[in-house]
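Here the structure comes first, spelled out in structure tokens, and everything after it is commentary.
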Amino acid sequence: MNPDHPRERVSRAFAAEYGSEPAALVRAPGRVNLIGEHTDYNDGFVLPMALDRAAWIALTPRTDGIVRLHALDLEQRGVFDVATATRRDARGDPHAEHGGWLEYPRGVAWALQESGGHVLRGFDGVLASDVPRGAGLSSSAAVELAVAAAFQVSSAFAWDVADVARRMQRAENRWVGVASGIMDQLIGAAGVAHHAVLIDCRDLSTRPVPLPPECAIVVLDTATRRGLVGSAYNERRAQCEAAARALGVSALRDADGAALEAARPGLDELVYRRARHVISENRRVLEAVQALEDGDSARFGGLMDASHESLRLDFEVSSEALDAIVASARAAPGCLGARMTGAGFGGCAVALVERASLPEFLTAAAAAYRSASGREGELLVATAAAGAGRATS
Ligand code: GLA
């Protein structure tokens, strides 16, 4: 038992705060995306895995609609009534001081209740997370899903993975105000231990794909940050929509390389390149699943490399730090492939590494990144974990 683990921290703090043991513990994981970047909002394919880093809530249900939550990592307490979570007040940027962290749980309560949703009861709870914040590992989706799982315990509604993910995405889009796709919420809900999960972002079906036991997934944090709310993400979405319109399809998922080449003369060059990334990335995801199923890790790694080049050159969402850490990883022993992961512009990369070379890889990749960038990257050997829910003891 590690006393610093969020599971232990929330349990201890709950007893201290409320004078009794919590009735339940819930957890919801962060994620790392192995391949399929900026495809989710194009109705495409993604292949993420849930991380063994998660947001945890210790809770005891209440009979009224009050939620009392102590956010340990922020050292802040908040209270709200689920009945007041009907409309986010128009105070602008949710990340501004006045917006406050409590808008996340309030947004979750709103999304769970709205349009044919659930009747919610409140809970007394304590929240803590070990998903690095702002690193592109879906720390906010983890918190949202953990709050949803806490409401599931207090309110006993049927937990439908796709429905919960869709509602959490609405909380993020409409309440928090970030125009993200469905990937983070869906993998957080649908993660499977030791597996990546192929998600079809159109019908939200999921297929667990076993990860090769002889390889490790390493997350490499550049120690650089860039907010998602930034205009670049929304601009990429708009360019993809423009490309779909020009190609006469409802989403780029429905376009193929031949149709894109045929339409190229009439397309804006930038829109063409954005579409080329999405169309080729969707194909790479399906090839990557095939490679895993064929036991061909080298091929999988090659597709990761190709994904990074496409994100760097065609989609233009990489950064100097991401390129440096990817190059450092690729040059290190045992690396089969590496790419940026998540929205981009900063945050993390992910590498596929032969376990036999893992210690040498970690040392060499960290040293190479240090000398290339002057920064201390953080390297995390990731284990694929289960999706959000009640923790079994
Ligand atoms: C962010 C968003 C996701 C997805 C990725 C890019 O993580 O939250 O929905 O669009 O960027 O693949």
(request) Give the angle, between 0 and 90 degrees and rounded to the nearest 10, that separates the Cα long axis of helix 231-247 from the longest principal axis of the Cα atoms of the chain. (result) 60
(message) I'd like the distance between the alpha-carbon centres of the range 1-80 and the range 330-393, rounded to an integer number of Å.
(response) 23
(request) Write down the accessible area per residue of the range 247-377 in Å², having rolled a 1.4 Å probe over the full set of protein chains. (result) 40
(message) Please compute, for the alpha-carbon atoms of the range 160-228, the extent along each of the three principal axes and give them in descending order in Å.
(response) 42, 34, 17
(message) Could you give the length gained by full extension between GLU378 and ARG202, i.e. 0.36 nm per residue of separation minus their alpha carbon distance, to one decimal place?
(response) 60.0 nm
(message) Helix 297-313 against the longest principal axis of the chain: what's the angle in degrees, Cα atoms only, rounded to the nearest 10?
(response) 90
(request) Could I have the simple spin-label model distance between ALA356 and ALA23, label points 7 Å from Cα toward Cβ, reported in nm to one decimal? (result) 5.4
(message) Need one word for the range 208-295: rounded, prolate or oblate. Basis is the Cα gyration tensor (sqrt eigenvalues a ≥ b ≥ c); a/c below 1.5 gives rounded, then a/b vs b/c decides.
(response) oblate
(request) Divide by every residue of the chain the summed helix terms, -39500 (n - 2.57) for each DSSP H run of at least 4, and state the resulting mean residue ellipticity at 222 nm, rounded to the nearest 500 deg cm²/dmol. (result) -12500 deg cm²/dmol
(message) Once you place label points 7 Å from the Cα toward the Cβ at ASN2 and THR392, how far apart are they in nm?
(response) 2.2
(message) Please list the three semi-axes, largest first and in whole Å, of the ellipsoid equivalent to the range 6-206, using sqrt of 5 times the eigenvalues of its alpha carbon gyration tensor.
(response) 26, 19, 16
(request) Please work out the Cα convex hull volume for the chain and give it in Å³ per residue. (result) 139
(message) So, R0 is 30 Å and r is the distance between the beta-carbons of ALA15 and SER280; what FRET efficiency does that work out to, to 0.05?
(response) 0.05
(request) At 1.4 Å probe size, with every protein chain present, just tell me what the per residue accessible area of the range 6-206 comes to in Å². (result) 35
(request) First compute the accessible area of the chain with a 1.4 Å probe, then give the percent of it belonging to carbon and sulfur atoms. (result) 50
(request) Please give the net charge around ARG274, taking every other residue with its beta carbon less than 12 angstrom from that of ARG274, where Lys and Arg add +1 and Asp and Glu add -1. (result) -3
(request) With a/c under 1.5 counting as rounded, go ahead and sort the range 120-236 into rounded, prolate or oblate using the C-alpha gyration tensor (a ≥ b ≥ c being the square roots of the eigenvalues; past the cut-off, prolate if a/b is larger than b/c, else oblate). (result) rounded
(request) Using a cut-off of 12 Å between beta-carbons, work out the net charge of the residues near THR224 (Lys and Arg +1, Asp and Glu -1, THR224 not included). (result) -2
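The values are calculated or read from the model by the stated rules, or taken from the named source; none is laboratory data. Remember, it's a predicted structure, so these values are computed and weren't measured experimentally. Neighbour counts run over all protein chains shown; Cβ positions are idealised from the backbone, glycine included. The area values use the complete protein model at the heavy-atom level, side chains included, leaving out ligands, DNA and RNA. Shrake-Rupley method; radii C 1.70, N 1.55, O 1.52, S 1.80 Å.
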